[in-house]
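Participant: I have a structure I would like to understand better, so I am pasting it below and will then ask my questions one at a time.
The values are calculated or read from the model by the stated rules, or taken from the named source; none is laboratory data. Values in this document were obtained by computation on a predicted structure and should not be read as measured data. Note that we place each Cβ from the backbone using ideal geometry, even for glycine, and neighbour counts take in every protein chain shown.
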Amino acid sequence: MRYRISEFCRLLGVSTDTLRYYERCKLITTEKDPDNQYRSFSREDGLAIWNLHMLRSMDMSCNDIRQLRLKADYESQTNYLHQRADELAVVIDKLMAKHKRLLQLAQLHALANDVGIVRLLPESSAHWALYVLGDGCAEAATSAKETAHWVDCLPFTYFSLEISESSLLTPTKKLQIRIGLGILAENVLPAGLTLCADAIYTPPQKQVCMVIRTHDVFKISHRDLKPLYAYIAENQLHIAGPATGRILNSDGHMIKPEYRVVLGIPVADLS
């Protein structure tokens, strides 16, 4: 007994578009009724189509299915399926890493609501940064290829900011600010990022942190950092390195975009 495409699809639980797609990919061949030239299918075709649908449900492409069909025996097919499973495991690991990164970003955005609140962080996360714009940047030293590599690693990389230690310690001096891309040390491997010579490493350190709201990250001033300076003085601490921060995405719908910078100044006890 043979079936027309609409009846056959109804029996199999697949759409006519799916069958036509398999036909275009030359994964199935169909016969035509000699009397009316309509496509027709046999019961045996049903198992073949279900098998195709099963393989497609595991994200195998038409080319993958063709490769599997070229395997002459079950052992070869088994090896190929194991290979596909290993490839999928790599994808899963990458997705899990992105899931973890999204949770990190969610925590950061929650923290960004507490503008002006000073916190002491006993140990910050180690990170790397590539600074390409602003004071003290040798813009020509970092190739466009390197920067593009870091950009391609978003969202594992993030928008990073640094304020020089010397300008932090000189109230009469304009803050020296540079921006670029940063990445947590723990995310370098999941992101597949190859660190270049210009990348700057910051180890875990004790920090005094605060969220700053600004319309221009290059115009952050000593006045903006006043609560941080006050906390450091009151708790008998001293500045122990350049400040580093993460710039959160601006609201692109605003006439004048606003940025929030989660900024940390490394500190040590005076004693």
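Participant: Could you check segment 209-221 and list, in sequence order, the residues that are surrounded by fewer than 19 Cβ atoms within 10 Å (Cβ to Cβ) and either charged (D, E, K, R) or in contact with a helix residue (DSSP H, G or I) (Cβ under 7 Å, 6 or more places away or on another chain) (or both)?
Facilitator: 213, 216, 219, listed by residue number.
Participant: Which pairs do you get when a residue that is under 14 Å from residue 192 (Cα atoms) and touching a residue at least 60 places away in the same chain (Cβ under 8 Å), found in segment 92-113, comes within reach of a residue that is surrounded by 15 or more Cβ atoms within 10 Å (Cβ to Cβ) and not hydrophobic (A, V, I, L, M, F, W, C), reach meaning Cβ atoms under 6 angstrom, with the pair 6+ apart or on two chains?
Facilitator: 97/190
Participant: Same structure again: Would you check if residue 47 is exposed (fewer than 12 other Cβ atoms within 10 Å of the Cβ) and under 42 Å from the mean Cα position of the chain (by Cα)?
Facilitator: On the way: exposed (fewer than 12 other Cβ atoms within 10 Å of the Cβ): yes; under 42 Å from the mean Cα position of the chain (by Cα): yes.
It is true that residue 47 is exposed (fewer than 12 other Cβ atoms within 10 Å of the Cβ) and under 42 Å from the mean Cα position of the chain (by Cα).
Participant: Tell me which of these residue 106 doesn't satisfy, since it passes every other one: (1) of a type in the set (Gly, Ala, Ser); (2) part of a helix (DSSP H, G or I); (3) more than 30 Å from residue 191 (Cβ to Cβ).
Facilitator: (3)
Participant: Moving on. If you take the residues in segment 138-178 that are closer than 16 Å to residue 220 by Cβ and within 27 Å of the chain's Cα centre (by Cα), which one is surrounded by the fewest Cβ atoms within 10 Å (Cβ to Cβ)?
Facilitator: By that ranking, first place goes to 159.
Participant: Inspect all residues belonging to segment 34-41 and state whether any of them is in a strand (DSSP E or B), among the polar types (S, T, N, Q) and surrounded by 15 or more Cβ atoms within 10 Å (Cβ to Cβ). I'd like the intermediate steps shown before the answer.
Facilitator: Filtering segment 34-41 for residues in a strand (DSSP E or B) gives 39-41.
After this cut, where a residue has to be among the polar types (S, T, N, Q) as well, the list is 40.
If we keep only those that are surrounded by 15 or more Cβ atoms within 10 Å (Cβ to Cβ) too, we end up with 40.
Looking for residues that are in a strand (DSSP E or B), among the polar types (S, T, N, Q) and surrounded by 15 or more Cβ atoms within 10 Å (Cβ to Cβ), one finds at least one in segment 34-41, hence yes.
Participant: Residue check: is residue 88 in contact with an Asp or Glu (Cβ under 9 Å, 6 or more places away or on another chain), part of a helix (DSSP H, G or I), at pLDDT 85 or above and not assigned by TED's automatic domain parsing to the domain that holds residue 154? Step through it out loud before you land on a result.
Facilitator: Details: in contact with an Asp or Glu (Cβ under 9 Å, 6 or more places away or on another chain): yes; part of a helix (DSSP H, G or I): yes; at pLDDT 85 or above: yes; not assigned by TED's automatic domain parsing to the domain that holds residue 154: yes.
When the stated conditions are applied, residue 88 passes them.
Participant: OK, next. I'd like the full set of residues that are out of contact with any helix residue (DSSP H, G or I) (no Cβ under 8 Å at 6 or more places or on another chain) and either within 21 Å of residue 67 (Cα to Cα) or among the polar types (S, T, N, Q) (or both), limited to segment 21-39.
Facilitator: Within segment 21-39, the subset out of contact with any helix residue (DSSP H, G or I) (no Cβ under 8 Å at 6 or more places or on another chain) is 21, 23-24, 26, 31-37.
Of everything in segment 21-39, those that are out of contact with any helix residue (DSSP H, G or I) (no Cβ under 8 Å at 6 or more places or on another chain) and either within 21 Å of residue 67 (Cα to Cα) or among the polar types (S, T, N, Q) (or both) turn out to be 21, 23, 24, 26, 36, 37.
Participant: Part of a helix (DSSP H, G or I) and exposed (fewer than 15 other Cβ atoms within 10 Å of the Cβ) - does that describe any residue in segment 114-136?
Facilitator: The initial filter retains those residues of segment 114-136 that are part of a helix (DSSP H, G or I), namely none.
Within segment 114-136 (the criterion being part of a helix (DSSP H, G or I) and exposed (fewer than 15 other Cβ atoms within 10 Å of the Cβ)), the answer is no, since none of the residues qualifies.
Participant: Please count how many residues of segment 179-208 are under 15 Å from residue 261 (Cα atoms) and surrounded by fewer than 20 Cβ atoms within 10 Å (Cβ to Cβ).
Facilitator: 0
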